[in-house]
Structures are given as C-alpha cells and as structure tokens.
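The values are calculated or read from the model by the stated rules, or taken from the named source; none is laboratory data. Keep in mind that this is a model prediction, so the values were computed, not measured. Heads up, the Cβs are rebuilt from the backbone with ideal geometry, glycines too, and the neighbour counts pull from every protein chain shown. We work out accessible area using only protein heavy atoms, side chains counted, and drop any ligands, DNA or RNA first. Shrake-Rupley method; radii C 1.70, N 1.55, O 1.52, S 1.80 Å.
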Amino acid sequence: MGNSPHTSRLSRRKALAVGGAGLLAMSLPAWAQQAQRIKWADLIPEGVPYGEIIATGEYDGVKDIWIPEFDDNGLQLNTALDGKMITLAGYVIPLDVSSAGTTSFVLVPFIGACIHVPPPPPNQLVFVTTDTPWPSDKLWEAVLVTGQLSANIRRTDVAQVGYDLTATQIEKFQR
C-alpha cells in the first residue's frame, strides 16, 4: 500500500499523543470529571410513579420524628446514576452542626421537608457528607451540591434516604 497524499496516516508521535491523552483522561480523579446536572425527578427510575405514604410507619419519641412507610415506588432507586458525578440543587437538613457548620446533612427537594411535613419518599432524599463544612449561617439557603452519588437506602436521624453523596463542592444555588 503506497503513501498517497490523500491517505490519512497516523504517525507514531500522534498515536502516542492520542493514547497518552486517553490514559490521562482515565486517570483523572472522579471529582475532576464533568458532573451531570440532574433534577429530583431523575432520582426516580423512568416509568415509576412518585412514592405514596401507605402506613403510619413509626414514630421515634426520643428524636421526635415520624418515619412513614412508603409503597414500593418510594424505594425504587435510579441505579443508572450509581457511581456518577452529579450536581443537584436542594435544601439542607443538617444532621450535625458545629461552630464551623455541618459536614453531614440530608439534601431535600423543598424547604422544610422532613421537619414541618412528612418526609418525601426515600428516592427523593440524599444523605450528603463533605470534608468542608457548609456554614451554619447559611443552612436555610438553597444549595447546589456536586459529588459522587451512590444508590443506598439508609435510615438517618430525620428520615429514610435512598442515596448517598460524597460532596466535592457545595455552593449557594442561584437561578
């Protein structure tokens, strides 16, 4: 096969550059990858209706919280998002608060969820942990949280949640 001027030829230098760029991209830490901006509805698998409270559930008199029982729809998680870097807007329900702020909280879709009204279904709640505390004086502001999402049903001090998120960035949400 001859080298015509119209034949595309990949030189060794170009091949190494392309291959090296691919290795570099694969070695980037998860937080450096582009995060996918999602909405709360994306946490519910496609075709699954919003979860409904079907029973009283249980009341914890010590913590003064009510954890209702949801139908199976509320427990369905979108496993396609498991392990993905995502960005999600919501409100903070702190689980620990110090003078520096909170490093673990439940991210909720609307203000007052889990406190003044029954909590949303587990697939609409995200347990967030962060190394950098979110300031105590900003607890009632809407936030934009970026981090790696894991589908994992667990019980917290305020509700049963369907997802964990290790935050790499938290910022004030601006429309």
Report summary line: Exception for THR129 within (1) within 12 Å of the chain's Cα centre (by Cα); (2) more than 18 Å from ILE67 (Cβ to Cβ); (3) touching a residue at least 40 places away in the same chain (Cβ under 8 Å) falls at (3)
Requested in this report: Could you tell me which numbered condition TYR91 fails, if it satisfies all but one of (1) farther than 17 Å from SER136 by Cα; (2) open to solvent by 50 Å² or more (accessible area, probe 1.4 Å); (3) touching a residue at least 40 places away in the same chain (Cβ under 8 Å); (4) in contact with a Phe, Trp or Tyr (Cβ under 8 Å, 6 or more places away or on another chain)?
Outcome: (1)
Requested in this report: Go through the residues of the range 106-120 one by one and say whether even a single one is within 14 Å of ASP157 (Cβ to Cβ) and under 12 Å from the mean Cα position of the chain (by Cα).
Outcome: yes
Query raised in the report: What residue, among those in the range 40-57 that are touching a residue at least 12 places away in the same chain (Cβ under 8 Å) and under 17 Å from LEU165 (Cα atoms), is most open to solvent (accessible area, probe 1.4 Å)?
Result: ASP42
Report task. Determine, yes or no, whether THR168 is among the polar types (S, T, N, Q) and either surrounded by fewer than 13 Cβ atoms within 10 Å (Cβ to Cβ) or within 30 Å of ASP71 (Cα to Cα) (or both). Result -> no
Requested in this report: Return the pairs, sorted by first residue and then second, in which the second residue is open to solvent by less than 30 Å² (accessible area, probe 1.4 Å), the first residue lies in the range 58-71 and is in contact (Cβ under 8 Å) with a residue 12 or more places away in the chain, the beta carbons are less than 7 Å apart, and the residues are 6+ apart or on different chains.
Outcome: ILE65/VAL158; ILE67/ALA159; PHE70/GLY51; PHE70/PRO121; PHE70/PRO122; ASP71/GLY51
Report summary line: By residue number, the members of the range 128-143 that are in contact with a Gly (Cβ under 9 Å, 6 or more places away or on another chain) and either farther than 25 Å from GLY74 by Cβ or open to solvent by 30 Å² or more (accessible area, probe 1.4 Å) (or both) are THR129, THR130, THR132, PRO133, TRP134, PRO135, SER136, ASP137, LYS138, LEU139
